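Worksheet: one structure, shown below.
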Amino acid sequence: MPHQLPATENPAAPPLVPLRPDAFATPYRDPVWDGPTDPILVADHLTGGWVLFYTQRRATAPGLTGVEWVHGTGIGVAKSSDGGTTWRYRGTVEGLVPPGTELPATLWAPDVVRIGDRWIMYVTVLGGRRTDWTGTAEIVQFASTDLEKWEYLGRIDLGSPRVIDAAVARCGDGRYASGTRTRPAAPPPTAR
């Protein structure tokens, strides 16, 4: 479900262009690697348009072995100002690699929620590229007021070095709930 602001939260903003029911009848295709996964759709309260954040998997990168195509990934961005009829690729989100992370970093599964006057992004981070499922993973968080520039807030200690795929949602009582999953030591092989 897309994350939207109540209409009264920013009265000076342009009205949100409704998302078309057929917005993803033809799936969005990442123009660089053709491997968009883990999408999160966000209503942009400043422009009235829509922002799609996703893991930019390297599905068509040549010469990779094992599961290397799911490592070394950034967070891609596409935008729509017409309710999802068209999507413009806007590159990858800059500044999402936490200090001390082994490079090249692997970024997975963004989730973005509006809390107060900021957007908070939760991202899975792994250091380096791998051909297998080894390595540690953690959830980190960033804040933004415009969905473009992100300030690093820190790591979230979830008690495991293999936590991935954060999901955060506002509950009916106004509080927020989160969920994650723990990556097994050796998941089954995946196909591109």
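The values are calculated or read from the model by the stated rules, or taken from the named source; none is laboratory data. As the structure is a computational prediction, the values presented were derived from the model and not from experiment. Because the Cβ atoms are built from the backbone with ideal geometry, glycine has one as well, and the counts that use them run over all protein chains shown. Accessible surface is based on the protein model in full, side chains and every heavy atom, while ligands, DNA and RNA are left aside. Shrake-Rupley method; radii C 1.70, N 1.55, O 1.52, S 1.80 Å.
Counting only protein heavy atoms and a 1.4 Å probe, the chain has 52 square angstrom of accessible area per residue.
Taken along the Cα-to-beta-carbon direction at a fixed 7 Å, the label points for ILE156 and THR86 span 3.6 nm. The phi torsions of region 144-149, fed into the Karplus equation with coefficients 6.51, -1.76 and 1.60 and a -60° offset, translate into couplings of 8, 9, 9, 6, 10, 9 Hz, rounded to whole numbers, with Gly and Pro shown as x.
Over the chain, Cα pairs under 8 Å with separation of 6+ residues give a relative contact order of 16 percent.
The string of couplings for region 119-133 from the Karplus curve (6.51, -1.76, 1.60, θ = phi - 60°) is 8, 10, 10, 10, 9, 7, 10, 10, x, x, 10, 9, 9, 9, 9 Hz, one whole number per residue in order, with x for Gly and Pro.
Overall shape of the chain was characterised from the C-alpha gyration tensor. The equivalent ellipsoid obtained from it has semi-axes of 28, 20, 14 Å, in decreasing order.
Of the accessible area of the chain, computed with a 1.4 Å probe over protein heavy atoms only, carbon and sulfur atoms account for 55 percent.
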